[in-house]
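In what follows, a structure is listed as structure tokens, so that the remarks can point back to it.
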Amino acid sequence: MSDSILRDKSKVFAKRIVVLCRDIKQNSRESVLTNQLLRSGTSVGANIHEAQYAQGTKDFISKFEISLKEVYETEYWLELLFETGYIDEQSYKPILNDCGAIRCMLISSIKTMKEKR
């Protein structure tokens, strides 16, 4: 699997997070949880992008592991916002599915890189 696919998917995901957070802030006036989601959701792609300039395999894996942690955090904030009624199921399910797909890609990439070391 090409890591450029992962970079592209994570950037599209980040854009969806930005739009979702903007909508929540405009419609519900919620900012604390939304800011947390915005930070973690956009950090996923930022660390994946940064990994392409890693100083070696260990640094590359580290960036992907940070992205993986951010994915788990993003899933948490999405779940919390859904369960408290700030986002509806129609918005929640597709973005959660994207989050899961990125998580699977990251796990696979990390595993492959560790096996190559």
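Of note:
- Dipole axis of the chain (+1 Lys, Arg; -1 Asp, Glu on Cβ), positive-most option in CYS21, SER91, GLY41: GLY41
- Calculation over all alpha carbon pairs of segment 36-117 in 5 angstrom steps from 0 returns a P(r) of 3, 16, 24, 22, 14, 9, 6, 3, 1, 0 percent.
- Once the Cα atoms are used to define both axes, helix 57-83 deviates from the longest principal axis of the chain by about 20 degrees.
- Phi-derived couplings, Karplus 6.51 cos²θ - 1.76 cosθ + 1.60 at θ = phi - 60°, listed residue by residue for segment 97-108: 4, 4, 4, x, 5, 5, 4, 4, 5, 5, 4, 5 Hz, with x used for Gly and Pro.
- Take 77-84, 6-13 and order them by the average number of nearby Cβ atoms within 10 Å per residue, most first; the result is 6-13, 77-84.
All of the numbers you see were taken from the coordinates with simple rules; none came from a lab. Keep in mind that this is a model prediction, so the values were computed, not measured. All Cβ positions, even for glycine, are placed from backbone atoms using ideal geometry, and neighbour counts span all protein chains on display.
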